[in-house]
Amino acid sequence: MAVGIGLLCITCTVPDLEELEEERPSGCDANHPCQVQVRLTYDGFRPGCVTLRVVDAQDGSRNFELPVEPLGGTGTGEVGFVHRAGWSDTVHMTVSARERSCAGPEVSTATAQVRVPEKGSSTSALALSARDEDGDGYVSTTSRGTDCDDRSSSISPGMEERCDFLDNNCDGRADPASVCDGFEWRTTETLPGASFRDVAPHARNQAWFVSDSNDVVAHVRREADGGFDVKSFTDCRGAWSTAWARPSDGRVFMGSWEGRLATRPLFAGEPCALTSFDAGGAAIQDIVGFEGDGGTTLYAVSEAGDILRWDPPAEPVRVANVDADLRSLHGLDPRTLITVGQAGQVPVAYHVNADGGPWLRETLPPPMQGQTALHTVHVVAPGLAYAAGDQGLLLERTAGTWSTKPPYPIFVDGGVSPDILDVVSFGQGAVIARLDTDDLVRFDGTEWRDFRFGTQGFTSLEGLSSDELWSATQDGTGFHWGPLAP
(Lines give C-alpha, C1' and ligand atoms only; values in the text may rest on other atoms or scores of the structure.)
Protein backbone atom coordinates (compact mmCIF):
# COMPACT_ATOMS: atom_id res chain seq x y z
CA MET A 1 0.00 0.00 0.00
CA ALA A 2 2.88 2.39 0.88
CA VAL A 3 4.48 1.69 -2.52
CA GLY A 4 1.20 2.40 -4.30
CA ILE A 5 0.72 5.72 -2.50
CA GLY A 6 4.27 6.74 -3.36
CA LEU A 7 3.74 6.03 -7.06
CA LEU A 8 0.46 7.92 -7.24
CA CYS A 9 1.61 11.01 -5.32
CA ILE A 10 5.31 11.69 -5.25
CA THR A 11 4.82 14.95 -3.36
CA CYS A 12 2.55 13.48 -0.67
CA THR A 13 3.82 13.58 2.91
CA VAL A 14 4.39 10.41 4.93
CA PRO A 15 1.21 9.62 6.91
CA ASP A 16 1.42 10.15 10.67
CA LEU A 17 1.05 7.24 13.11
CA GLU A 18 -2.66 7.85 13.83
CA GLU A 19 -3.49 7.66 10.11
CA LEU A 20 -1.27 4.62 9.65
CA GLU A 21 -2.85 2.75 12.57
CA GLU A 22 -6.27 3.08 10.95
CA GLU A 23 -4.98 1.51 7.74
CA ARG A 24 -2.52 -0.96 9.25
CA PRO A 25 -3.13 -2.01 12.88
CA SER A 26 0.52 -2.91 13.49
CA GLY A 27 1.57 0.67 12.68
CA CYS A 28 4.57 -0.73 10.80
CA ASP A 29 5.57 0.04 7.25
CA ALA A 30 8.71 0.95 5.31
CA ASN A 31 8.72 4.42 6.88
CA HIS A 32 7.80 3.26 10.40
CA PRO A 33 9.80 0.08 11.23
CA CYS A 34 8.40 -2.14 13.95
CA GLN A 35 9.73 -1.15 17.36
CA VAL A 36 8.77 -4.52 18.89
CA GLN A 37 9.22 -7.74 16.92
CA VAL A 38 7.53 -10.87 18.33
CA ARG A 39 8.85 -14.21 17.16
CA LEU A 40 6.83 -17.34 17.88
CA THR A 41 7.61 -21.04 17.84
CA TYR A 42 4.98 -23.79 17.77
CA ASP A 43 5.84 -27.01 19.55
CA GLY A 44 3.82 -30.18 18.95
CA PHE A 45 1.21 -28.67 16.65
CA ARG A 46 0.55 -26.29 13.76
CA PRO A 47 -2.16 -23.77 14.70
CA GLY A 48 -4.91 -22.73 12.31
CA CYS A 49 -5.14 -19.21 13.73
CA VAL A 50 -2.79 -17.15 15.93
CA THR A 51 -3.46 -13.67 17.32
CA LEU A 52 -1.43 -11.26 19.42
CA ARG A 53 -3.19 -8.99 21.94
CA VAL A 54 -1.26 -5.96 23.18
CA VAL A 55 -2.39 -4.00 26.29
CA ASP A 56 -0.90 -0.81 27.77
CA ALA A 57 0.54 -1.70 31.18
CA GLN A 58 -0.86 1.50 32.75
CA ASP A 59 -4.29 1.59 31.11
CA GLY A 60 -6.07 -1.64 30.21
CA SER A 61 -8.56 0.19 28.03
CA ARG A 62 -5.76 0.83 25.57
CA ASN A 63 -5.34 -2.37 23.59
CA PHE A 64 -5.29 -3.78 20.09
CA GLU A 65 -5.11 -7.21 18.44
CA LEU A 66 -3.01 -8.39 15.49
CA PRO A 67 -3.13 -11.56 13.39
CA VAL A 68 0.12 -13.54 13.22
CA GLU A 69 1.22 -14.77 9.82
CA PRO A 70 2.86 -18.22 9.90
CA LEU A 71 6.17 -18.54 8.07
CA GLY A 72 5.55 -21.53 5.82
CA GLY A 73 5.88 -24.97 7.39
CA THR A 74 8.77 -24.06 9.68
CA GLY A 75 6.78 -24.10 12.91
CA THR A 76 7.37 -20.40 13.48
CA GLY A 77 5.48 -17.11 13.18
CA GLU A 78 6.31 -13.44 13.37
CA VAL A 79 4.52 -10.15 14.01
CA GLY A 80 5.59 -6.63 14.99
CA PHE A 81 4.16 -3.28 16.08
CA VAL A 82 5.10 0.33 16.88
CA HIS A 83 4.58 2.42 19.99
CA ARG A 84 1.10 3.95 20.20
CA ALA A 85 0.64 7.65 20.74
CA GLY A 86 -0.26 8.40 24.37
CA TRP A 87 0.69 4.92 25.64
CA SER A 88 3.19 4.19 28.35
CA ASP A 89 6.46 2.60 27.33
CA THR A 90 5.53 -0.86 28.73
CA VAL A 91 2.97 -3.27 27.28
CA HIS A 92 1.59 -6.71 28.15
CA MET A 93 1.44 -9.19 25.25
CA THR A 94 -0.69 -12.33 25.02
CA VAL A 95 -0.44 -14.61 22.00
CA SER A 96 -3.25 -17.14 21.50
CA ALA A 97 -3.37 -20.16 19.18
CA ARG A 98 -6.50 -21.91 18.00
CA GLU A 99 -7.17 -25.15 16.16
CA ARG A 100 -8.13 -25.22 12.49
CA SER A 101 -9.57 -21.68 12.28
CA CYS A 102 -10.07 -18.51 14.32
CA ALA A 103 -13.46 -19.93 15.35
CA GLY A 104 -11.84 -22.97 16.93
CA PRO A 105 -11.02 -23.44 20.59
CA GLU A 106 -8.02 -21.71 22.13
CA VAL A 107 -5.46 -24.45 22.66
CA SER A 108 -2.35 -22.57 23.73
CA THR A 109 -1.36 -19.13 25.08
CA ALA A 110 1.85 -17.38 26.01
CA THR A 111 2.42 -14.02 27.67
CA ALA A 112 5.22 -11.52 28.07
CA GLN A 113 5.80 -7.96 29.19
CA VAL A 114 8.03 -5.77 27.06
CA ARG A 115 9.34 -2.23 27.10
CA VAL A 116 8.89 -0.38 23.82
CA PRO A 117 12.18 1.40 23.02
CA GLU A 118 12.18 5.05 22.03
CA LYS A 119 14.69 4.31 19.31
CA GLY A 120 15.59 1.14 17.49
CA SER A 121 13.74 -2.10 18.12
CA SER A 122 13.47 -4.97 20.56
CA THR A 123 12.68 -8.63 20.00
CA SER A 124 10.56 -10.88 22.17
CA ALA A 125 10.39 -14.67 21.74
CA LEU A 126 7.34 -16.65 22.80
CA ALA A 127 6.68 -20.40 22.56
CA LEU A 128 3.29 -22.03 22.07
CA SER A 129 2.86 -25.69 22.88
CA ALA A 130 0.00 -28.14 22.30
CA ARG A 131 -0.36 -31.78 21.34
CA ASP A 132 -1.38 -32.82 17.82
CA GLU A 133 0.29 -36.20 17.72
CA ASP A 134 -1.36 -37.47 14.54
CA GLY A 135 -0.79 -34.24 12.62
CA ASP A 136 -4.40 -33.83 11.44
CA GLY A 137 -4.69 -30.20 12.57
CA TYR A 138 -6.88 -31.03 15.58
CA VAL A 139 -5.36 -30.85 19.05
CA SER A 140 -5.82 -33.53 21.67
CA THR A 141 -8.53 -33.02 24.26
CA THR A 142 -5.73 -33.24 26.84
CA SER A 143 -4.38 -29.98 25.35
CA ARG A 144 -7.73 -28.15 25.35
CA GLY A 145 -8.47 -29.29 21.79
CA THR A 146 -11.30 -31.32 20.28
CA ASP A 147 -9.55 -34.44 18.92
CA CYS A 148 -10.99 -37.39 20.82
CA ASP A 149 -8.24 -39.73 19.53
CA ASP A 150 -4.99 -37.92 18.81
CA ARG A 151 -3.23 -41.14 17.78
CA SER A 152 -5.22 -41.58 14.58
CA SER A 153 -5.44 -39.18 11.65
CA SER A 154 -8.66 -41.03 10.70
CA ILE A 155 -10.38 -39.57 13.78
CA SER A 156 -11.17 -35.88 14.43
CA PRO A 157 -14.25 -33.66 14.78
CA GLY A 158 -14.00 -32.58 11.14
CA MET A 159 -13.79 -36.11 9.69
CA GLU A 160 -16.59 -37.65 7.66
CA GLU A 161 -17.85 -40.90 9.16
CA ARG A 162 -16.48 -43.98 7.34
CA CYS A 163 -17.07 -47.70 7.45
CA ASP A 164 -13.85 -48.58 9.27
CA PHE A 165 -14.73 -49.66 12.84
CA LEU A 166 -13.76 -46.19 14.15
CA ASP A 167 -15.66 -43.21 15.51
CA ASN A 168 -14.28 -40.90 12.83
CA ASN A 169 -16.05 -37.67 13.81
CA CYS A 170 -15.86 -37.99 17.63
CA ASP A 171 -19.65 -38.15 18.07
CA GLY A 172 -19.48 -41.30 20.19
CA ARG A 173 -20.63 -43.70 17.44
CA ALA A 174 -18.55 -46.02 15.25
CA ASP A 175 -19.97 -46.99 11.85
CA PRO A 176 -23.56 -45.73 12.30
CA ALA A 177 -26.36 -47.34 10.29
CA SER A 178 -26.11 -47.08 6.48
CA VAL A 179 -22.48 -45.91 6.39
CA CYS A 180 -21.39 -49.51 5.72
CA ASP A 181 -24.04 -50.25 3.07
CA GLY A 182 -22.38 -51.93 0.10
CA PHE A 183 -19.07 -52.61 1.84
CA GLU A 184 -17.78 -56.10 1.19
CA TRP A 185 -14.82 -58.06 -0.15
CA ARG A 186 -14.69 -58.25 -3.95
CA THR A 187 -12.25 -60.25 -6.06
CA THR A 188 -10.47 -59.75 -9.34
CA GLU A 189 -10.30 -62.48 -11.93
CA THR A 190 -7.51 -64.94 -11.25
CA LEU A 191 -4.39 -64.09 -13.25
CA PRO A 192 -2.94 -67.31 -14.74
CA GLY A 193 0.71 -67.92 -13.94
CA ALA A 194 0.84 -65.44 -11.08
CA SER A 195 1.42 -66.17 -7.43
CA PHE A 196 0.85 -62.81 -5.78
CA ARG A 197 3.11 -62.02 -2.81
CA ASP A 198 2.42 -58.36 -2.12
CA VAL A 199 0.01 -55.57 -2.97
CA ALA A 200 0.92 -51.87 -3.21
CA PRO A 201 -2.05 -49.46 -3.32
CA HIS A 202 -1.19 -45.97 -4.56
CA ALA A 203 -4.55 -44.23 -5.03
CA ARG A 204 -8.21 -44.78 -4.28
CA ASN A 205 -9.29 -48.00 -6.03
CA GLN A 206 -5.87 -48.59 -7.60
CA ALA A 207 -3.05 -50.95 -6.63
CA TRP A 208 -0.15 -53.01 -7.94
CA PHE A 209 0.17 -56.75 -7.31
CA VAL A 210 3.57 -58.42 -7.59
CA SER A 211 4.21 -62.11 -8.13
CA ASP A 212 7.17 -64.32 -7.29
CA SER A 213 6.51 -66.55 -10.30
CA ASN A 214 6.69 -66.00 -14.08
CA ASP A 215 7.97 -62.39 -13.75
CA VAL A 216 4.38 -61.13 -13.39
CA VAL A 217 3.42 -57.74 -11.99
CA ALA A 218 -0.12 -56.44 -12.43
CA HIS A 219 -1.92 -53.14 -12.00
CA VAL A 220 -5.56 -53.26 -10.85
CA ARG A 221 -8.12 -50.47 -11.10
CA ARG A 222 -11.74 -50.62 -9.96
CA GLU A 223 -14.08 -49.50 -12.74
CA ALA A 224 -17.22 -47.37 -12.47
CA ASP A 225 -19.39 -50.50 -12.70
CA GLY A 226 -17.62 -52.03 -9.68
CA GLY A 227 -15.55 -54.47 -11.73
CA PHE A 228 -11.78 -54.52 -12.11
CA ASP A 229 -9.46 -53.62 -14.96
CA VAL A 230 -6.28 -55.72 -14.69
CA LYS A 231 -3.16 -54.98 -16.74
CA SER A 232 -0.28 -57.44 -16.40
CA PHE A 233 3.38 -56.96 -17.33
CA THR A 234 6.15 -59.54 -17.69
CA ASP A 235 9.16 -57.33 -18.43
CA CYS A 236 10.23 -57.10 -14.76
CA ARG A 237 12.27 -60.28 -14.49
CA GLY A 238 12.43 -61.56 -10.94
CA ALA A 239 10.66 -63.35 -8.10
CA TRP A 240 9.08 -60.26 -6.54
CA SER A 241 8.48 -60.39 -2.80
CA THR A 242 7.50 -56.82 -1.89
CA ALA A 243 6.42 -53.54 -3.48
CA TRP A 244 5.56 -49.90 -2.86
CA ALA A 245 3.78 -47.62 -5.35
CA ARG A 246 4.19 -43.85 -5.64
CA PRO A 247 0.93 -41.94 -5.09
CA SER A 248 1.72 -39.08 -7.50
CA ASP A 249 2.00 -41.18 -10.65
CA GLY A 250 1.48 -44.83 -9.73
CA ARG A 251 5.07 -45.94 -10.44
CA VAL A 252 5.85 -49.19 -8.60
CA PHE A 253 9.13 -50.05 -6.84
CA MET A 254 9.86 -53.71 -6.09
CA GLY A 255 12.18 -55.99 -4.17
CA SER A 256 12.78 -59.68 -4.89
CA TRP A 257 13.58 -62.86 -3.05
CA GLU A 258 16.98 -62.80 -4.83
CA GLY A 259 17.90 -59.40 -3.34
CA ARG A 260 17.26 -57.27 -6.43
CA LEU A 261 15.36 -53.98 -6.81
CA ALA A 262 13.43 -52.70 -9.81
CA THR A 263 10.88 -50.08 -10.83
CA ARG A 264 8.21 -49.81 -13.50
CA PRO A 265 5.85 -46.98 -14.54
CA LEU A 266 2.12 -47.37 -14.72
CA PHE A 267 2.06 -47.24 -18.51
CA ALA A 268 3.52 -49.70 -20.98
CA GLY A 269 5.50 -47.12 -22.97
CA GLU A 270 8.50 -47.26 -20.61
CA PRO A 271 10.01 -50.63 -19.71
CA CYS A 272 10.86 -52.03 -16.32
CA ALA A 273 14.22 -50.86 -14.96
CA LEU A 274 16.37 -53.16 -12.82
CA THR A 275 18.89 -51.44 -10.53
CA SER A 276 22.50 -52.50 -10.22
CA PHE A 277 22.17 -53.15 -6.48
CA ASP A 278 22.98 -56.70 -5.43
CA ALA A 279 22.16 -57.87 -1.90
CA GLY A 280 24.23 -61.02 -2.34
CA GLY A 281 21.16 -63.22 -2.60
CA ALA A 282 19.57 -61.96 0.64
CA ALA A 283 15.83 -61.52 0.13
CA ILE A 284 14.36 -58.02 0.17
CA GLN A 285 11.46 -58.53 2.57
CA ASP A 286 9.82 -55.09 2.73
CA ILE A 287 9.98 -51.70 1.05
CA VAL A 288 8.37 -48.34 1.80
CA GLY A 289 8.68 -44.93 0.17
CA PHE A 290 7.99 -41.24 0.71
CA GLU A 291 7.49 -38.30 -1.63
CA GLY A 292 8.64 -34.80 -0.75
CA ASP A 293 10.50 -31.75 -2.03
CA GLY A 294 10.09 -32.91 -5.59
CA GLY A 295 11.77 -36.27 -5.02
CA THR A 296 11.14 -39.81 -3.79
CA THR A 297 13.06 -41.68 -1.10
CA LEU A 298 12.58 -45.39 -0.45
CA TYR A 299 13.82 -47.69 2.28
CA ALA A 300 14.02 -51.47 2.19
CA VAL A 301 15.11 -54.25 4.55
CA SER A 302 16.55 -57.69 3.92
CA GLU A 303 16.83 -61.03 5.63
CA ALA A 304 20.56 -60.31 6.12
CA GLY A 305 19.80 -57.28 8.31
CA ASP A 306 20.55 -54.73 5.61
CA ILE A 307 18.71 -51.40 5.63
CA LEU A 308 18.78 -49.81 2.17
CA ARG A 309 18.05 -46.30 0.96
CA TRP A 310 17.02 -45.56 -2.61
CA ASP A 311 16.73 -42.05 -4.05
CA PRO A 312 15.80 -42.57 -7.71
CA PRO A 313 17.28 -42.06 -10.22
CA ALA A 314 20.35 -42.75 -8.07
CA GLU A 315 21.14 -46.38 -7.32
CA PRO A 316 20.12 -47.92 -3.97
CA VAL A 317 22.74 -47.94 -1.20
CA ARG A 318 23.17 -49.85 2.03
CA VAL A 319 22.92 -47.35 4.93
CA ALA A 320 22.91 -49.70 7.91
CA ASN A 321 23.13 -53.32 8.96
CA VAL A 322 21.83 -54.96 12.12
CA ASP A 323 22.32 -58.48 13.39
CA ALA A 324 18.81 -59.66 12.58
CA ASP A 325 16.55 -61.14 9.93
CA LEU A 326 14.45 -58.06 9.12
CA ARG A 327 10.91 -58.96 8.01
CA SER A 328 8.98 -55.68 7.89
CA LEU A 329 9.46 -51.92 7.71
CA HIS A 330 7.02 -49.02 8.06
CA GLY A 331 6.79 -45.34 8.91
CA LEU A 332 4.89 -42.16 8.16
CA ASP A 333 8.08 -40.46 6.95
CA PRO A 334 11.83 -41.14 7.19
CA ARG A 335 11.86 -39.88 10.79
CA THR A 336 9.33 -42.43 12.10
CA LEU A 337 10.63 -45.63 10.49
CA ILE A 338 10.51 -48.86 12.50
CA THR A 339 11.73 -52.26 11.33
CA VAL A 340 11.08 -55.61 13.01
CA GLY A 341 12.25 -59.19 12.67
CA GLN A 342 14.15 -61.90 14.47
CA ALA A 343 17.62 -62.14 16.05
CA GLY A 344 18.45 -65.71 16.99
CA GLN A 345 15.30 -66.92 18.70
CA VAL A 346 14.12 -63.49 19.88
CA PRO A 347 11.78 -60.89 18.32
CA VAL A 348 13.49 -57.55 17.68
CA ALA A 349 12.55 -54.02 16.64
CA TYR A 350 14.71 -51.06 15.62
CA HIS A 351 13.90 -47.44 14.95
CA VAL A 352 15.70 -44.96 12.75
CA ASN A 353 18.26 -42.73 14.45
CA ALA A 354 17.27 -39.09 14.01
CA ASP A 355 20.95 -38.12 14.18
CA GLY A 356 21.78 -40.34 11.22
CA GLY A 357 23.75 -42.84 13.28
CA PRO A 358 23.19 -46.59 13.70
CA TRP A 359 19.57 -47.69 14.01
CA LEU A 360 18.54 -48.13 17.63
CA ARG A 361 17.24 -51.38 19.06
CA GLU A 362 14.04 -51.01 21.03
CA THR A 363 13.14 -52.67 24.31
CA LEU A 364 10.36 -55.22 23.84
CA PRO A 365 8.28 -57.04 26.47
CA PRO A 366 9.52 -60.59 27.16
CA PRO A 367 7.87 -62.95 24.64
CA MET A 368 6.15 -66.18 25.55
CA GLN A 369 7.77 -69.49 24.63
CA GLY A 370 7.53 -70.04 20.88
CA GLN A 371 7.20 -66.35 20.04
CA THR A 372 10.57 -66.04 18.33
CA ALA A 373 9.92 -63.46 15.60
CA LEU A 374 8.00 -60.34 14.65
CA HIS A 375 6.73 -60.52 11.07
CA THR A 376 5.03 -57.16 10.59
CA VAL A 377 4.89 -53.55 11.80
CA HIS A 378 2.58 -50.62 11.05
CA VAL A 379 3.05 -47.05 12.28
CA VAL A 380 -0.31 -45.30 12.83
CA ALA A 381 1.05 -42.02 14.22
CA PRO A 382 4.32 -40.88 15.81
CA GLY A 383 2.88 -42.01 19.14
CA LEU A 384 1.20 -45.24 18.05
CA ALA A 385 2.40 -48.36 16.23
CA TYR A 386 1.63 -52.09 16.12
CA ALA A 387 3.87 -55.10 15.54
CA ALA A 388 2.87 -58.74 15.39
CA GLY A 389 4.44 -62.16 15.00
CA ASP A 390 4.63 -65.77 16.09
CA GLN A 391 1.81 -67.48 17.98
CA GLY A 392 -0.57 -64.54 18.05
CA LEU A 393 1.99 -62.05 19.38
CA LEU A 394 0.64 -58.49 19.18
CA LEU A 395 2.55 -55.48 20.51
CA GLU A 396 1.40 -51.88 20.80
CA ARG A 397 3.87 -48.98 20.88
CA THR A 398 2.57 -45.84 22.63
CA ALA A 399 4.78 -42.86 23.42
CA GLY A 400 7.87 -44.92 22.56
CA THR A 401 7.09 -47.87 24.85
CA TRP A 402 6.00 -51.32 23.68
CA SER A 403 3.37 -53.33 25.56
CA THR A 404 1.82 -56.73 24.94
CA LYS A 405 -1.80 -56.91 23.83
CA PRO A 406 -4.04 -60.00 24.04
CA PRO A 407 -2.80 -62.61 21.53
CA TYR A 408 -5.13 -64.15 18.99
CA PRO A 409 -6.97 -66.88 20.93
CA ILE A 410 -6.29 -70.61 20.85
CA PHE A 411 -9.30 -72.58 19.62
CA VAL A 412 -7.93 -76.12 19.81
CA ASP A 413 -7.09 -77.78 23.13
CA GLY A 414 -3.35 -78.22 23.37
CA GLY A 415 -2.75 -76.04 20.31
CA VAL A 416 -1.09 -72.68 19.87
CA SER A 417 -2.27 -69.34 18.53
CA PRO A 418 -1.76 -68.81 14.79
CA ASP A 419 1.09 -66.61 13.61
CA ILE A 420 0.21 -63.04 12.64
CA LEU A 421 1.95 -62.30 9.34
CA ASP A 422 0.58 -58.85 8.45
CA VAL A 423 -0.99 -55.99 10.36
CA VAL A 424 -2.59 -52.75 9.14
CA SER A 425 -4.00 -50.23 11.60
CA PHE A 426 -5.74 -46.86 11.49
CA GLY A 427 -6.49 -46.54 15.19
CA GLN A 428 -6.72 -48.54 18.38
CA GLY A 429 -10.13 -49.90 17.40
CA ALA A 430 -9.11 -50.95 13.90
CA VAL A 431 -6.10 -53.28 13.90
CA ILE A 432 -6.55 -55.61 10.93
CA ALA A 433 -4.34 -58.71 10.78
CA ARG A 434 -3.57 -61.61 8.42
CA LEU A 435 -3.08 -65.00 10.07
CA ASP A 436 -1.15 -68.00 8.83
CA THR A 437 -4.47 -69.87 8.96
CA ASP A 438 -5.50 -67.92 5.82
CA ASP A 439 -7.89 -65.66 7.74
CA LEU A 440 -8.19 -61.89 8.12
CA VAL A 441 -9.19 -60.76 11.63
CA ARG A 442 -9.57 -57.53 13.60
CA PHE A 443 -8.46 -56.45 17.06
CA ASP A 444 -10.83 -53.79 18.43
CA GLY A 445 -8.57 -52.65 21.25
CA THR A 446 -9.96 -55.21 23.66
CA GLU A 447 -10.66 -58.48 21.85
CA TRP A 448 -10.24 -60.21 18.50
CA ARG A 449 -13.08 -60.44 15.96
CA ASP A 450 -13.53 -62.29 12.67
CA PHE A 451 -13.29 -60.30 9.44
CA ARG A 452 -12.74 -62.59 6.43
CA PHE A 453 -12.16 -66.33 6.24
CA GLY A 454 -9.73 -67.29 3.47
CA THR A 455 -9.73 -70.23 1.11
CA GLN A 456 -7.13 -69.25 -1.48
CA GLY A 457 -3.99 -68.50 0.55
CA PHE A 458 -3.83 -64.82 1.52
CA THR A 459 -0.25 -63.55 1.18
CA SER A 460 -0.55 -59.83 1.91
CA LEU A 461 -2.65 -57.12 3.52
CA GLU A 462 -2.36 -53.38 2.82
CA GLY A 463 -4.43 -50.20 2.98
CA LEU A 464 -3.94 -46.49 2.34
CA SER A 465 -7.17 -45.36 4.02
CA SER A 466 -9.23 -46.79 6.83
CA ASP A 467 -12.19 -47.69 4.60
CA GLU A 468 -10.28 -49.47 1.82
CA LEU A 469 -8.15 -52.62 2.12
CA TRP A 470 -6.34 -54.83 -0.37
CA SER A 471 -5.15 -58.41 -0.15
CA ALA A 472 -3.62 -60.93 -2.54
CA THR A 473 -3.49 -64.69 -2.85
CA GLN A 474 -1.15 -67.44 -3.97
CA ASP A 475 -3.36 -68.35 -6.93
CA GLY A 476 -3.13 -64.88 -8.53
CA THR A 477 -6.37 -63.36 -7.24
CA GLY A 478 -6.68 -59.82 -5.91
CA PHE A 479 -9.04 -58.92 -3.06
CA HIS A 480 -10.50 -55.47 -2.37
CA TRP A 481 -12.62 -54.31 0.57
CA GLY A 482 -14.52 -51.07 0.17
CA PRO A 483 -17.81 -49.47 -0.85
CA LEU A 484 -19.99 -50.66 -3.72
CA ALA A 485 -19.32 -47.60 -5.86
CA PRO A 486 -15.63 -46.99 -6.60
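To keep it simple, each residue is scored yes or no on (1) out of contact with any strand residue (DSSP E or B) (no Cβ under 8 Å at 6 or more places or on another chain); (2) at pLDDT 95 or above; (3) open to solvent by 40 Å² or more (accessible area, probe 1.4 Å).
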position: TRP402; (1), (2), (3): no, yes, no
position: VAL412; (1), (2), (3): yes, no, yes
position: SER417; (1), (2), (3): yes, no, no
position: VAL441; (1), (2), (3): no, yes, no
position: ARG452; (1), (2), (3): no, no, yes
position: GLY457; (1), (2), (3): no, no, no
position: LEU461; (1), (2), (3): no, yes, no
position: GLY482; (1), (2), (3): no, no, no
Single condition SER121 does not satisfy, out of (1) in contact with a Lys or Arg (Cβ under 9 Å, 6 or more places away or on another chain); (2) open to solvent by 20 Å² or more (accessible area, probe 1.4 Å); (3) small (Gly, Ala, Ser): (1)
Filter pass, ARG53 being charged (D, E, K, R), closer than 24 Å to ASP29 by Cβ, touching a Leu at 6+ places or on another chain (Cβ under 9 Å) and open to solvent by 60 Å² or more (accessible area, probe 1.4 Å): yes
Matching entry among GLY104, GLY73 (being outside any strand (DSSP E or B), open to solvent by 50 Å² or more (accessible area, probe 1.4 Å) and either modelled with pLDDT under 95 or closer than 28 Å to ASP149 by Cβ (or both)): GLY73
Count - residues of the range 134-158 that are surrounded by 24 or more Cβ atoms within 10 Å (Cβ to Cβ) and of a type in the set (A, V, I, L, M, F, W, C): 2
Scope the range 283-313; condition outside any strand (DSSP E or B) and either open to solvent by 10 Å² or more (accessible area, probe 1.4 Å) or at positive phi (or both); matching residues: ASP293, GLY294, GLU303, ALA304, GLY305, ASP311, PRO312, PRO313
Residues of the range 107-148 that turn out to be outside any loop (DSSP other than H, G, I, E, B), within 22 Å of PRO382 (Cα to Cα), without any contact (Cβ under 8 Å) to a residue 60 or more places away in the chain and in contact with a strand residue (DSSP E or B) (Cβ under 8 Å, 6 or more places away or on another chain), as a count: 3
Candidate set: the range 313-340, residues that are within 22 Å of the chain's Cα centre (by Cα) and small (Gly, Ala, Ser); chosen: the one nearest to LEU384 (Cα to Cα): GLY331
Residues located in the range 216-230, provided they are surrounded by fewer than 19 Cβ atoms within 10 Å (Cβ to Cβ), of a type outside the set (A, V, I, L, M, F, W, C) and in contact with a Phe, Trp or Tyr (Cβ under 9 Å, 6 or more places away or on another chain): ARG221
The range 262-279, residues that are open to solvent by less than 70 Å² (accessible area, probe 1.4 Å), touching a residue at least 24 places away in the same chain (Cβ under 8 Å) and over 16 Å from ALA314 (Cα atoms): LEU266, ALA279
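The values are calculated or read from the model by the stated rules, or taken from the named source; none is laboratory data. On a predicted model such as this, the values are computed, not experimentally measured, just so you know. Note that each Cβ is placed from the backbone with ideal geometry, even for glycine, and that neighbours are counted across all protein chains shown. SASA here: full protein model, heavy atoms, side chains in, ligands and nucleic acids out. Shrake-Rupley method; radii C 1.70, N 1.55, O 1.52, S 1.80 Å.
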